[in-house]
Amino acid sequence: MTSDGPGGVRPGWTQSDPTDDDDDLDRAFGHGTASMAVRTPRQRVRRSALVGVGVVIAAGVLAVVLITIISSVQNGVGGVFPRPDAALDRFGSAARDVSGVQRVTDEKPKKTSFASYDVESTVTVSPGLPEAEQTAAVDALAAAADDVSGNGVRVFAVADLGEVQVGVSADVVVTEKRLDLARQLAAIGGVSGVRCSWGDAGPSDDPADQTITVVTHGTGNALGAIVAKATQETRAVFPGATVESALP
């Protein structure tokens, strides 16, 4: 072989086509990869601006979501984050608006499980109210308990009507049964007062969990007769309920 000169092909070497390098890149990586367009400064600035706007929008959306979650947590979501003190405040406010209510006293909330509480208040109702107005007051308290209960908090109360004290829950029907039974037992000879609610285990609407206390000066056989009659009448309404007696 011969050389084409100082800048030519050396003997034994084959002259390559200047386009071979581009062809090799095309074969290896696909057409159009032999060279890449270089962005101008203006294009780079525009791209950076678009990315910045996207980041700001995403941050705004995230902030709104976080605020919503925090607000939901503070107000209680699905019983996961209950607020028993807030429930007591709401019930107390509603109870004080009921005609005939003189005073509302809150007890300490009782935690019943990981994210559940029972709260209880004592509501003093004017003992001088006519029976119909006392009934209306108790019904209104039950409606308030139903309205406030939720988010892992159950609301209960004891309505102190003077001669009788009645457990109030969100179940209006059970609450009215307690009121009617308390009045019925108060009419037994020798009984001066009745408490018809629940036992030391805590508030409940289950019949067997009800505890009725008759207040009487009776002793001996007289006391036995009073308790027997009270037990008979009580278990006709709340099967399995507990009946006790106490001195005034």
| request: Evaluate the range 57-71: report whether one residue or more is β-branched (V, I, T), more than 25 Å from the chain's Cα centre (by Cα) and at pLDDT below 95. | output: yes
| Could you list, in sequence order, the residues of the range 112-140 that are within 18 Å of the chain's Cα centre (by Cα) and in contact (Cβ under 8 Å) with a residue 12 or more places away in the chain? | T112, A115, S116, Y117, D118, V119, E120
| task | Say whether the condition of being part of a strand (DSSP E or B) and buried (at least 19 other Cβ atoms within 10 Å of the Cβ) is met by at least one residue in the range 185-194. | result | yes
| Taking only pairs six or more apart or across chains, which ones have beta-carbon atoms under 8 Å, a first residue in the range 179-201 that is farther than 15 Å from Q134 by Cβ, and a second residue that is surrounded by 15 or more Cβ atoms within 10 Å (Cβ to Cβ) and basic (K, R)? | I188/K229; S197/R178
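The values are calculated or read from the model by the stated rules, or taken from the named source; none is laboratory data. Owing to the predicted nature of the structure, the values given are computational and were not obtained by experimental measurement. Here Cβ is always computed from backbone atoms with ideal geometry, including for glycine, and neighbour counts include all displayed protein chains.
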